[in-house]
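The values are calculated or read from the model by the stated rules, or taken from the named source; none is laboratory data. Computed from a predicted model, the values in this text were never measured in an experiment. Neighbour counts run over all protein chains shown; Cβ positions are idealised from the backbone, glycine included.
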Amino acid sequence: MDGGALTTAAAAEHVDVAIVGGGPIGLALALALDGSGLAVALLEAGTRFERGDPRAIALAQGSRLILERLGVWPTLAMHATPIETIHVSQRGTPGRTVLTAREAGVPALGYTVEYGQLHRALAQGLHAQAALVLTGARVGAVRPAAGCGLIEYDQAGQTRQLSARLIVLADGGGLPARGTVLAKDYGVSAIVCTVSTHLPHAHTAYERFTPQGPIALLPLSEAYALVWTTPAAEVERRLGLAEQDFLAELQTAFGERQGRFLAASPRAAFPLRLRQVGERPRPGLVRVGNAAQTLHPVAGQGFNLGLRDAWQLARLAAETPRSALGGADFLARYGALRRWDVAGGLVMTDVLAELFTGADPLAGAVRGAALTLLDTLPPLKRTFARKMMFGAAAW
């Protein structure tokens, strides 16, 4: 697929699984269901699988294994930059931890790839599969139910309906939750862009904690993808800085570990929030990826957690009789499969984001000591690295 408009298939009256959302997680789920024998439809509001998202995605080693099974890694590998070392430190105080692929016993701790490259690779894989792809399909209502639910959507000026045994809201889904939603606004945004440095990255990623929040540098091709946590009151000013002034502020905040910052691409900002949908299980409905939970980007867990949602849901659906898809037992089993992984990701990122922010000298000293302690305990360091790579499966 070259990113152009897809030929829109005629709407089917009924499928086994309908996926709402054609972002990376929705596409991955459709690919994972290929070969299951289930009739699958994917509804995407856009007419093209193109999204102008400037962010880079940190793929964990466990995500690479899933993408290999989905058949898209050979295409994606050409654009992915391996992360062989992760350097974690705190600005202004001693103490650091260094994680390496060699110590973890893997070829790489992860990979950095542009969001657009990831999205295109998944869309190309889907193009060769049997799923019914409905582009330009704007979903207006979802009515899940035991046995058979209904989706109403507009396409080419006409209102249509699609019924499904299981409806999956993916990649945000664009539909409100019914029930409780755990939400937390960190009061900061992530400023993202690409930066070049005087020293080569040597496949090393940095997580640098500052009083205002973490700064992440992820190796991407010959440069770095920057994720700079910025207080809300500073976002517009920092976005509006001339390039050299922006680089000077970044230099002051990050330090000299990569030498001088030389250049920066155009910048964008995204508010950082924690969000988890806690609605009661609704027969015939499942949420995955950002439709289920949104995390702080520290430690790069968000996409990887959503990809594991999609992979485990597809495996469970493939081994479940059609008549039981979306039923109470199915939902309970999926909830049990994902409970600890999701909870662990939410807690880990929230704790890191909160504990490693602030300028209190005593707290800074304690944080520095904790990083040093972690670095001197190889078994604990390996466990932490495997948690980042494989989620709850690391335990």
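Counting only strands (runs of 3 or more DSSP E) that sit completely within the stretch 98-159, those holding 2 or more residues that are in contact with a Leu (Cβ under 9 Å, 6 or more places away or on another chain) and among the hydrophobic types (A, V, I, L, M, F, W, C) correspond to 132-135, 138-143, 149-155.
The residues on offer are GLY278, GLY259, GLY240, and the sole one that is loosely packed, with under 15 Cβ neighbours inside 10 Å, over 27 Å from LEU118 (Cβ atoms) and in contact with a His (Cβ under 6 Å, 6 or more places away or on another chain) is GLY259. Can you give me the number of residues within the stretch 192-245 that are of a type in the set (Ser, Thr, Tyr) and within 18 Å of the chain's Cα centre (by Cα)? Residues in the stretch 192-245 being of a type in the set (Ser, Thr, Tyr) and within 18 Å of the chain's Cα centre (by Cα): 1 in total.
When we screen GLY71, GLY62, GLY92 for residues that are part of a loop (DSSP other than H, G, I, E, B) and either under 30 Å from HIS127 (Cα atoms) or touching a Leu at 6+ places or on another chain (Cβ under 6 Å) (or both), the only hit is GLY71. The residue list ALA299, ALA233, ALA253, ALA269 contains one member that is touching a helix residue (DSSP H, G or I) at 6+ places or on another chain (Cβ under 8 Å) and not in a loop (DSSP other than H, G, I, E, B), which is ALA269.
Here ALA292 does not qualify as within 28 Å of LEU247 (Cβ to Cβ) and of a type in the set (A, V, I, L, M). Residue count for the stretch 50-59, restricted to those that are in contact with a strand residue (DSSP E or B) (Cβ under 8 Å, 6 or more places away or on another chain) and part of a loop (DSSP other than H, G, I, E, B): 2. All of ALA353, ALA365, ALA343, ALA385 fail the test of being farther than 23 Å from SER89 by Cβ and either aliphatic (A, V, I, L, M) or without any contact (Cβ under 8 Å) to a residue 24 or more places away in the chain (or both), apart from ALA343. Within the stretch 83-112, if we keep just the residues that are within 17 Å of the chain's Cα centre (by Cα) and in contact (Cβ under 8 Å) with a residue 60 or more places away in the chain, the residue that is surrounded by the most Cβ atoms within 10 Å (Cβ to Cβ) turns out to be GLY110.
Here the condition is being at pLDDT 90 or above, touching a strand residue (DSSP E or B) at 6+ places or on another chain (Cβ under 9 Å) and not aliphatic (A, V, I, L, M); of GLY302, GLY364, GLY345, GLY326, it holds for GLY326 alone. Pairs are defined by a Cβ separation below 7 Å, a sequence spacing of at least 6 or placement on different chains, a first member in the stretch 199-210 that is under 19 Å from THR229 (Cα atoms), and a second member that is among the charged types (D, E, K, R) and assigned to a loop (DSSP other than H, G, I, E, B); the pairs so defined are TYR206/ARG257; ARG208/ARG91; PHE209/ARG91; THR210/ARG91. Restricting the stretch 38-82 to residues that are surrounded by fewer than 22 Cβ atoms within 10 Å (Cβ to Cβ), among the hydrophobic types (A, V, I, L, M, F, W, C) and over 17 Å from the mean Cα position of the chain (by Cα), which is farthest from ALA317 (Cα to Cα)? Across the stretch 38-82, the extreme among qualifying residues is MET78. The residue that is surrounded by the most Cβ atoms within 10 Å (Cβ to Cβ), counting only those in the stretch 281-296 that are part of a strand (DSSP E or B) and free of Cβ contacts under 8 Å to residues at least 60 places away in the same chain, is GLN293.
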